[in-house]
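Worksheet: the structure to be examined is printed underneath.
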Amino acid sequence: MRFGFNDTCLEHDPGPRHPENPDRLRAIQEHLQDHQGVEYVNPPPATEADVLTVHDDDYVEELRAFIDDGGGNWDPDTVATETTWDAALASAGLSKWVAEEAMAGATGHETAFALGRPPGHHATPDDAMGFCFFNNVAIASQHALDETAAERVAILDWDVHHGNGIQDIFYDRGDVLYISIHEDGLYPGTGHVDEIGDGVGRGATLNVPLPAGSGDPEYDATLQQLVRPALEEFDPDLLLVSAGFDAHRHDPISRMHVSTEGYGLLTQRVRAVTDAIGAELGFVLEGGYGLDTLADGVGVVHEVFEGRSVVTPTDPVQNDVEALFDEIRGAR
Ligand SMILES: [Zn+2]
């Protein structure tokens, strides 16, 4: 794969005890040293104009003033320092680059993956939260719609948390399909089955709040039974994956049981469906807080694009998940 990387993203440092720290990117880079076919690209940062395509002026101004003033706790989880502004623009720039690369036809070994931080999917039009300041994937999606041939963009968010910010930004839009697979009841508490979009966006939000303890069979069933049909119906020109790795069974902040191999399987499923419907594909890093499991997860996504074949789980899907799928189909 081609990995977008910008050293400026390392400079956002909310402190050594904060789970979203620069060691996350260092662990990924160290791990990728052992892989063939890794290429790094250093795209430019996003501009403030890019940010303003999805965020409110007042919020952006307030955040800039807060950071210029030295930063601090925006909320109990979300900590800015004086370097956060540049890091957040760098992170959004990587995400923009992924959309551009994908729409320019980057596939297979050339597939783009943004290794940025701070992450983005919790950032709403008018607020930073959940370690996120600018909504990287939303900025990239809007950029694709405004500046490339893409007329419809889909986002698949497999981070263990619901991406409330992406959902809010595109909730009443018919040109962006947002799909989230997350742990039911976890932060930030949104992402219920009946949140399906509004107005012309009705049906263009799909939430799959899986029960705690779900693992490879449940995630694979979600991809096959819900995500694939939704993508086939929406027929996007571009699919961006909000790729968090915090549903891993050894991640410290969730109770999900996805294995490293499971992330490979998700990647293979996503690749198969985008090939089938003729959509371009790119990846943007979100969360993932176990350094080893985060690095392994990114590594296995890369390996799938280098030709690794992945084993399908044989364990049965939990009964309550089949009932959840029926509920989701009924809500749409
Ligand atoms: Zn997360």
Are there any pairs, at least 6 apart or on different chains, whose C-beta atoms fall under 8 Å, with the first in the range 97-115 and closer than 22 Å to residue 294 by Cα and the second β-branched (Val, Ile, Thr) and in a helix (DSSP H, G or I), and if so, which? 112/98; 113/98; 113/298; 113/301; 114/98; 115/28; 115/298
Residue list for the range 1-41, restricted to those being under 20 Å from residue 305 (Cβ atoms), over 19 Å from the mean Cα position of the chain (by Cα) and not aliphatic (A, V, I, L, M): 30, 31, 33, 34, 35, 36, 37, 39, 40
Could you check how many residues of the range 53-68 are surrounded by 11 or more Cβ atoms within 10 Å (Cβ to Cβ) and more than 20 Å from residue 96 (Cβ to Cβ)? 4
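Quick grid of which residues meet (1) away from the ligand (no atom under 11 Å from the Cβ); (2) among the aromatic types (Phe, Trp, Tyr); (3) within 18 Å of residue 245 (Cα to Cα):
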residue	(1), (2), (3)
154	yes, no, no
158	no, yes, yes
163	no, no, yes
166	yes, no, yes
169	yes, no, no
174	yes, no, no
184	yes, no, yes
194	yes, no, no
Going by the structure shown, is residue 201 surrounded by 21 or more Cβ atoms within 10 Å (Cβ to Cβ) and either at pLDDT 95 or above or away from the ligand (no atom under 16 Å from the Cβ) (or both)? no
Qualifying helices (runs of 4 or more DSSP H) (wholly inside the range 217-327; at least 2 residues being open to solvent by 20 Å² or more (accessible area, probe 1.4 Å), in contact (Cβ under 8 Å) with a residue 60 or more places away in the chain and not polar (S, T, N, Q)): 291-305
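So if I check each of 150, 99, 90, which one is open to solvent by less than 10 Å² (accessible area, probe 1.4 Å), in a loop (DSSP other than H, G, I, E, B) and away from the ligand (no atom under 16 Å from the Cβ)?
Sole residue among the options that is open to solvent by less than 10 Å² (accessible area, probe 1.4 Å), in a loop (DSSP other than H, G, I, E, B) and away from the ligand (no atom under 16 Å from the Cβ): 150.
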Would you please list the contacts, defined by Cβ atoms under 7 Å and residues six or more apart or on different chains, that run from a residue in the range 170-191 that is among the β-branched types (Val, Ile, Thr) to a residue that is part of a loop (DSSP other than H, G, I, E, B)? 176/204; 181/158; 190/162
Filter the range 128-144 for residues that are hydrophobic (A, V, I, L, M, F, W, C) and away from the ligand (no atom under 14 Å from the Cβ) and give the result. 128, 133, 134, 138, 139, 140, 144
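The values are calculated or read from the model by the stated rules, or taken from the named source; none is laboratory data. Bear in mind that the values here come from a model prediction, so they are computed numbers and not experimental data. Counting neighbours? That spans all protein chains shown, and the Cβs are built from the backbone with ideal geometry, glycine included. Keep in mind that these areas ignore ligands, DNA and RNA; they rest on the heavy atoms of the full protein, side chains included. Shrake-Rupley method; radii C 1.70, N 1.55, O 1.52, S 1.80 Å.
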